[in-house]
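These notes are about the structure you will find just below.
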Amino acid sequence: MFTPAILVTVFSVLVSSLFAARSTSRGPATKEAASPTASASGSLNQIVDGVDARYHGLRTLRAEFTQTYTWSGAPRVESGSVSFARGGLMRWTYTDPKDKLVVSDGKSVWLYIPEAKQVTRSTVKSNDDPRVPFPFFLEHFDLHKVFSKIAFDDQALKAEQGDRVLRGVPRRGLREEYAEVLMEVTPQFDIRRLVVFYPDHSVMQFEFNHLERNVALSPSLFHFTPPQGSEVIDENQ
């Protein structure tokens, strides 16, 4: 089972896929300037720079997600909704097939499993740690700070026509957490799909839809109080 510390590591890499091109807005849309498109023959630097520019300066994100985890057997699929904000704030609400909640207030990460009446708490690393998803991504989105190496690998995924596939190798210090990442990038520099490979040969894929950018989010979303009667496991002790 994933611990909050591992979840933070995963989310720091996966949050960029919240900007999937196939998403559709449910609320008032944020007006954006027309984005340049990525030619199939575009250079690696052009595409990486285009992705970085696409996500620079975002304040908040809200979306619905489907998470697929595969390891030694049938894939495990979970889904729900997610919200992110600057300052390391995030809230993942799993609703299918079972309820689960992950909340970060920028200092602590809480994992709550209602069925087990169990809460696990861990500490978010400092802002210099690339495992912290925000404000790292929203304020200073930079793929070169996430990965030590990025290269084209168009044959690794069955991508949509016109999309390019990038393979990212993690920075030193994170290689025990995940082995590599594949990103399918659209001509508009959105990350359509993201697949994470782990050292134990397991694979995690995230897909997002109903994306909403720069929406107003209540601060209460990012605070968590353990429900009465729950077992609390503090990984900091």
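Coordinate-derived values only; no laboratory data. Please read these numbers as outputs of a predicted model, since none were measured by experiment. Don't worry about glycine lacking a Cβ; one is built from the backbone with ideal geometry, like all the others, and counts go over all protein chains shown.
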Sorting check: for 217-228, 46-57, which peptide has the highest mean count of neighbouring beta carbons within 10 Å, and how do the rest follow? 46-57, 217-228
Label-to-label distance, nm, for residues given as GLN46 and ALA116 (7 Å Cα→Cβ offset): 4.9
Amide H neighbours of SER108 under 5 Å, at least 5 residues apart or on other chains, H built in the peptide plane: list them. VAL124
Stretchable slack from GLU176 to HIS223, in nm (0.36 nm times residue separation minus alpha-carbon distance): 14.0 nm
Picking from PHE189, MET204, PRO219, whose Cα lies most toward the positive end of the charge dipole for region 172-235 (charges on Cβ: Lys, Arg +1; Asp, Glu -1)? PHE189
Report ³J(HN,Hα) in whole Hz for each residue of region 166-180, in order, from the Karplus equation J = 6.51 cos²θ - 1.76 cosθ + 1.60 where θ = phi - 60°; Gly and Pro get x. 10, 10, x, 9, x, 5, 4, x, 10, 5, 7, 8, 8, 8, 6
